[in-house]
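Peer 1: Just passing along the structure, written as structure tokens.
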């Protein structure tokens, strides 16, 4: 990794180091290492260790646990984008004979298939994968489900064993090899591997009531590997965070990654703090919404979070089973950086060229009597804002056929069309059958159901 000594202000670097040092000391972990990114570039790296003068570098491998699931999800979405499967496909269409029959690929990705959280038998994270030689061994045959499919989010590690097997079935080779060739190589992630390669940290358990440690076994979990097997470095996972934020033409598009971080199952009632997309976790930390994933395996904890609004991301590892709240620590490193050095907006610049027909669409529009305004943005995009107390706002992406597709909230995926009068002038806007006119409820022929012939009047 390049020298990051001047990327952040000294006060910011001090605050980040302080937070990391507190985590290592109070969390009683042999080591903790972290990297912060801004706009896809590493801007700070820090580490603390129990060994004086021997702090881990950004090239030391740690086990990343369930962050592995984000890699598997990307492999599955690549299959979808190539047309080899549909997210609505039942699993048995591609992987017959598993206890997950009846669940869809999307439900597996979002942990909403209702499958059990863990495997039957001994704790899979600490036992050799040879104990589970077939897919039938990763779920109870008698009661594989704990909830009806598609109803609730219920985190399931065996689910990702099935998804790894799905990748292998459709690609015809081990999922780890598919990952290396299709994802890790294009992203130059040469230090992300299924088994540890030196230099790597050892994993430990720390006694709860005494300052003594116990080495944890470094197991090969076999079929369960897609749920948490990978080892990586903060340098490599920084590249992964940058990819998850912006996409890569040889791996997965930005549009598909946006789809992955959209909540797939509604959160429980009340103020939500955590939900799940397609292989990505979403959390609220203070006023921020972050996406990424946490991870843990015996001897290790890890966190990777991205704040789209701040243009920041952070990666954190520790090598203790009950680590220093690594997921929380990762979120706090983002908050510290954002509070000390808030994102500076890009300078306003005028459009390079103007389409007069598009310019004529801008200004006030009314959905019934609710006032809105339409603005023209770069790349022929449109932005609908609410002026009054009711209405729905959205951004719209221009399409080649002269329509626009909604990107946000209620209008996400809906089509905006310009409806023209017989003389070619703009009559009204149609957004998913909602009519927007230049005047409140007018003209009558554009409004569904027509208008009272007496028009607006006092009572």
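FYI, it's all coordinate maths here, none of it is from the lab. What you see is a predicted model; the values in this text were computed from it and never measured. Here the Cβ positions follow ideal geometry from the backbone for every residue, glycine too, while neighbour counts run over all protein chains shown.
Peer 1: Enter the angle in degrees (range 0 to 90, nearest 10) between the Cα long axis of helix 157-171 and the first principal axis of the Cα atoms of the chain, meaning the one along which they spread out most.
Peer 2: Approximately 80 degrees, to the nearest 10.
Peer 1: Turning to a different aspect of this structure: Using just the helices of the chain, give the 222 nm mean residue ellipticity in deg cm²/dmol: DSSP H runs with n ≥ 4 each add -39,500 (n - 2.57), and the total is spread over all residues, rounded to 500.
Peer 2: -6000 deg cm²/dmol
Peer 1: Between residue 155 and residue 353, 0.36 nm times their residue separation minus their Cα-Cα distance comes to what?
Peer 2: 66.3 nm
Peer 1: How would 344, 67 line up from fewest to most surrounding beta-carbon atoms within 10 angstrom?
Peer 2: 344, 67
Peer 1: Any chance you could list the semi-axes, whole Å, largest first, of the equivalent ellipsoid that the Cα gyration tensor gives for segment 83-233, using √(5λ)?
Peer 2: Working from the Cα gyration tensor, I get semi-axes of 28, 22, 13 Å.
Peer 1: Related question: Among rounded, prolate and oblate, which fits segment 291-400 when a ≥ b ≥ c are the square roots of the eigenvalues of its C-alpha gyration tensor, a/c under 1.5 means rounded, and a/b larger than b/c means prolate?
Peer 2: Prolate shape, in that a/c is at least 1.5 and a/b is the bigger ratio.
Peer 1: Using the beta-carbon distance between residue 386 and residue 25 and R0 = 45 Å, what value does 1/(1 + (r/R0)^6) give for FRET efficiency, to the nearest 0.05?
Peer 2: Efficiency computed from Cβ-Cβ geometry: 0.35.
Peer 1: Among 87, 16, rank each residue by its count of other Cβ atoms within 10 Å, from fewest to most, as a rough exposure measure.
Peer 2: The most exposed by this proxy come first: 87, 16.
Peer 1: When only C-alpha pairs under 8 Å and at least 6 residues apart count, what is the relative contact order of segment 99-149, in percent?
Peer 2: 54 percent
Peer 1: Further question: Can you tell me the length gained on complete extension of the stretch residue 212 to residue 173, counting 0.36 nm per residue apart and subtracting the Cα distance?
Peer 2: Contour length minus the Cα-Cα distance gives 9.7 nm.
Peer 1: Can you pull the semi-axes for segment 161-308, root of five times each eigenvalue of the Cα gyration tensor, sorted largest first, whole Å?
Peer 2: Each semi-axis is √(5λ); the values are 26, 23, 16 Å.
Peer 1: Let me ask something additional. Under a crude label model (7 Å from the Cα following the beta-carbon direction), how far is residue 397 from residue 55 in nanometres?
Peer 2: Rounded to a tenth, the inter-label distance reads 4.1 nm.
Peer 1: Once both axes come from the Cα atoms, what is the angle between helix 326-340 and the longest principal axis of the chain, in degrees from 0 to 90, rounded to 10?
Peer 2: The answer is roughly 50 degrees.
Peer 1: Still on this model: Over the chain, calculate the relative contact order: mean separation of alpha carbon pairs under 8 Å at least 6 apart, over the residue count, as a percent.
Peer 2: Relative contact order, the chain: 16 percent.
Peer 1: Would you mind checking the tilt of helix 234-246 against the longest principal axis of the Cα atoms of the chain, expressed as 0 to 90 degrees and rounded to 10?
Peer 2: 20 degrees
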